[in-house]
Amino acid sequence: MSHVIIGTAGHVDHGKTELIKALTGKDTDRLKEEKKRGISIELGFAPFKLPGGRLAGVIDVPGHERFIHNMLAGIGGIDLVLLVVDVTEGVMPQTREHVEIMDLLRIARGVVVLTKVDLAEDEEWLDLVEEEVREALAGTFLEGAPFFRVSAHTGRGLPELVRAIDEITAEMPARDAQAPLRLPVDRVFTVAGFGTVVTGTVLAGTIRNGMTVAALPAGRTARVRQVQVHGRQTEGAVAGQRAAVNLSGLEKEALPRGSVLAAPGSLEATYLLDAKLKLLPGAARSLKNMTRVHVYLGTGRAVGRVALLDRDELEPGKEAPVQLRLEKKLVAQNNDRFVIRSFSPMTTIGGGIVLDARPVKHKRFREDVLERLRELEQGDPAAPLLQRISREGVLAASVLRKESGLAPDVLDRLLGRLVQEGRLLQAGDFYFTAQAVREWEERLEDTLALFHRNHHLAAGMSRAELKGALPRELPVKVYDWLLQRLSAAGSIKSAEDLVSLAQHTPKPTAQEEKQLAKLTELYLAGGFKPPSVKEAAEAIRSSVVKTEDFLAYLVQTGVLVRLDEQFALHSSHFRHAKQELCRHFLSHKTLAAGEFREKLGSTRKFVLPLLETFDRLKWTRRLGEERVLWRLDPTNCEDGESNG
């Protein structure tokens, strides 16, 4: 069953509260000041049992222009509005402003209720009033809306109005109860023995007893102790319902009106919003760049400046892409509607739609920024996902499930579509754009090409070193996927930990062949007292860097075995060392470094790196100052494999 919220709108003292009382039996004016003055000051709430069996929530908003900020806090979450016009007064200033606000907020449906008809002179008078109201509503979302002539005092027209409300709301699509929770707070108070209580309309998702929620913009979390819907305790409330939520672990001061309860990690408060702004045709003057305004979004409001991104001045009746730069954080999602009012005097001058709730600060007149906003304006629900992933480089589906505001099945469907269209690619849980993949692959191939030019004798770069060519935050799973993709395409090849371009083959020059031969002789003659890298470089009259390349080549071709950064052994000596190791363990349980040093006629400086190499190969394992066999069969030592 879908749940709906019905709201009132209209000029002060036009009978909104009396109409709700006649419909629901509840007086929504609860404050002493409201009773004393006879006008609504704060938002009022009432349950409304519809003939079809559904229980709707009704929000009564104040009509006085001094309390327009309260009206704005309540009107944004409604599904159906009842525009109330007193037939004895007709269209008044707040009638017009409320309609402008609702038009800017794109309220889905509305009906017009002409009230106090029992005070009208005759039906002809009512016809004249209705004609005046219809003229005033021409060109707004209420043009063509049904009209009802009602008296809360006599009951005239109430049955017909109730029947129409029931029929209209029955056709409305349900809000998404599977999406991440979002509940803008419109009222907060404390109850003795219970603590902090907030009320609001559940715009998306579900809130349940016992769950943990994030409170924004405070950035705090709290546990839900109890949920009430229309004064009745329940296990939870779903999208489209009014709820009162008792929270533990959070004081009242952390949750002023304008706060939002949300699924942890799903929303964030921001000082910046990219938007499309419309200035009302009736605005008193053009809006200049960086004009200071009041911004109303959801139940929140903040002062901010309007950065015009494609012009210096916005004329009345025109629209433009803007960035709202706020002085206080608000909580928003893409496609949220907002209203702006002039800083002083405060009048409604425009409003629009949030295109990006997580932007960065832009420079003005940037064509790439404007193109991105034009794409978002088209309304494709996949566009924000694509742009977010493009901006971040790579994003996990788990992050998108939290932060997109979409139900899991909707998100998966959109991601699947983007993958099918070739605009996104996927590695496990990670998504990234096809453009990003092209850039990453070019970086990897260019880095390998440069490495081969500088180190043509090396078989390849280490995987870890090559990853440094990519953004640091790129997940290892995506890096591995890239290497596999390039390998499958025949662009690169991998051998153990080394990566190279597919066409690369180490090939020494004639001069290098001579130096390699000298090195081979040097290490062969050195036996178990080999030269250090520096000593080897001096012996062949080469730089240490170049000698490192020579040694790497000899290791790759199996001539040498590298022990550590300083030392290497000729492979024949390494095989001999292995045979000595096997012979020792045929008759001993343990091996000490001193024993092995004597067997090889070497010194501790060389024997320790050799024994550590055996450990790396898992032939031996160190226990204290000695070593024991691990994965080496001492009865079969003909194989002289090494660590390369």
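The values are calculated or read from the model by the stated rules, or taken from the named source; none is laboratory data. Everything numeric in this text was worked out from a predicted model, so none of it was measured. Every residue, glycine among them, receives a Cβ derived from its backbone with ideal geometry; neighbour counts consider all protein chains shown.
Assorted remarks:
- Among the residues of segment 297-354, those that are within 24 Å of ALA383 (Cβ to Cβ) and either acidic (Asp, Glu) or in the same structural domain as ALA215 (by TED's automatic domain parsing) (or both) comprise ASP310, GLU319, ASP336.
- When THR196, THR201 are screened for being at pLDDT below 95 and in contact with a helix residue (DSSP H, G or I) (Cβ under 6 Å, 6 or more places away or on another chain), only THR196 passes.
- Residue match in segment 552-570 (condition: outside any strand (DSSP E or B), under 22 Å from HIS455 (Cβ atoms) and among the hydroxyl-bearing types (Ser, Thr, Tyr)): yes
- Exclusive hit being in a helix (DSSP H, G or I), hydrophobic (A, V, I, L, M, F, W, C), more than 25 Å from ASP103 (Cβ to Cβ) and touching a residue at least 60 places away in the same chain (Cβ under 8 Å), set VAL162, VAL198: VAL162
- Checked against the criteria, ALA215 counts as in contact with a helix residue (DSSP H, G or I) (Cβ under 7 Å, 6 or more places away or on another chain), closer than 24 Å to LEU72 by Cβ, buried (at least 18 other Cβ atoms within 10 Å of the Cβ) and among the aliphatic types (A, V, I, L, M).
- Screening ASP118, ASP122, ASP29 for residues that are over 34 Å from the mean Cα position of the chain (by Cα) and at pLDDT below 75 leaves exactly one candidate, ASP29.
- Residue in segment 400-420 that is among the acidic types (Asp, Glu) and not assigned by TED's automatic domain parsing to the domain that holds ARG472 present: no
- For first residues located in segment 589-614 and touching a residue at least 40 places away in the same chain (Cβ under 8 Å) and under 14 Å from PRO530 (Cβ atoms), partners that are part of a helix (DSSP H, G or I) and of a type in the set (Val, Ile, Thr) and lie 6+ apart or on another chain with Cβ distances below 8 Å form the pairs LEU600/VAL607.
- Residues in segment 129-159 that are farther than 16 Å from LYS16 by Cα and either among the acidic types (Asp, Glu) or part of a loop (DSSP other than H, G, I, E, B) (or both): 13 in all.
- Scan of segment 110-143 for residues that are surrounded by fewer than 18 Cβ atoms within 10 Å (Cβ to Cβ) and either outside the structural domain of VAL81 (by TED's automatic domain parsing) or within 17 Å of ILE75 (Cβ to Cβ) (or both), ordered by number: THR140
- For segment 555-572, filtered to residues that are crowded, with 21+ Cβ neighbours inside 10 Å and free of Cβ contacts under 8 Å to residues at least 60 places away in the same chain, the residue that is farthest from CYS637 (Cα to Cα) is PHE567.
- LEU617 vs. criteria closer than 23 Å to GLU538 by Cα, under 58 Å from the mean Cα position of the chain (by Cα) and not assigned by TED's automatic domain parsing to the domain that holds GLY460: no
- Restricting segment 33-56 to residues that are of a type outside the set (Lys, Arg) and under 16 Å from GLY15 (Cβ atoms) leaves a set whose member that is modelled with the highest pLDDT is ALA46.
- Segment 479-496, residues that are assigned to a strand (DSSP E or B) and of a type in the set (Ser, Thr, Tyr): SER494
- Candidates are the residues of segment 291-349 that are hydroxyl-bearing (Ser, Thr, Tyr) and not in a strand (DSSP E or B); the one that is nearest to PRO359 (Cα to Cα) is THR299.
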